[in-house]
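What follows is one structure encoded as structure tokens, with my remarks underneath.
No lab work stands behind these numbers, since they all come straight from the coordinates. Keep in mind that what you see is a predicted model, and the values were worked out from it rather than measured. When we count neighbours, we look across all protein chains shown, and the Cβ atoms used for this are built from the backbone with ideal geometry, even at glycine.
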Amino acid sequence: MRDLNGEITGREPESPKLTTWKTIEKPRNWGVTPNLVDYDMECSSFSWDEAMEDLNGLPDGKGLNIGYEAVDRHAKGELADHLANRWLGSDGEIRDFSYAELRDPVTLQP
């Protein structure tokens, strides 16, 4: 098991309902390069100062509205109709949501 920092803890899940999943191994012959190829390298080179340059933030640097940063700013721009989330139901149902649909609470109702 890994903790929130990615460190191996060597502990078993505390609840019998938790499942430890085998790491998914994917072939390296991608048609499109994924956003995150090397997790460990990304973690070691991560900088909050650089990340903040890509975020809009609240006026006068008074924090972040993570909902806005994750969905709303994309829903208002050219990514509005881009796939933002794919929901996989336990019954095999698949539902795709664009950024615009995620921003609209009516869309998310069953």
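Which count do you get for residues in segment 30-84 that are in contact (Cβ under 8 Å) with a residue 24 or more places away in the chain and among the hydrophobic types (A, V, I, L, M, F, W, C)?
Of the residues in segment 30-84, 3 are in contact (Cβ under 8 Å) with a residue 24 or more places away in the chain and among the hydrophobic types (A, V, I, L, M, F, W, C).
Among the residues of segment 55-100, count how many are hydrophobic (A, V, I, L, M, F, W, C), part of a helix (DSSP H, G or I) and under 15 Å from the mean Cα position of the chain (by Cα). Let's see the steps before the verdict.
Of segment 55-100, the ones hydrophobic (A, V, I, L, M, F, W, C) are 55, 58, 64, 66, 70-71, 75, 79-80, 83-84, 87-88, 94, 97, 100.
Keeping just the survivors that are part of a helix (DSSP H, G or I) gives 66, 70-71, 75, 100.
With under 15 Å from the mean Cα position of the chain (by Cα) added as a condition, the list becomes 66, 70-71.
Qualifying residue count, segment 55-100: 3.
Yes/no per residue for (1) loosely packed, with under 10 Cβ neighbours inside 10 Å; (2) over 21 Å from Ala84 (Cβ atoms):
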residue: Arg28; (1), (2): yes, yes
residue: Gly31; (1), (2): yes, no
residue: Pro34; (1), (2): yes, no
residue: Tyr39; (1), (2): yes, yes
residue: Ser45; (1), (2): yes, yes
residue: Glu50; (1), (2): yes, yes
residue: Gly57; (1), (2): no, no
residue: Asp60; (1), (2): yes, yes
residue: Asn65; (1), (2): no, no
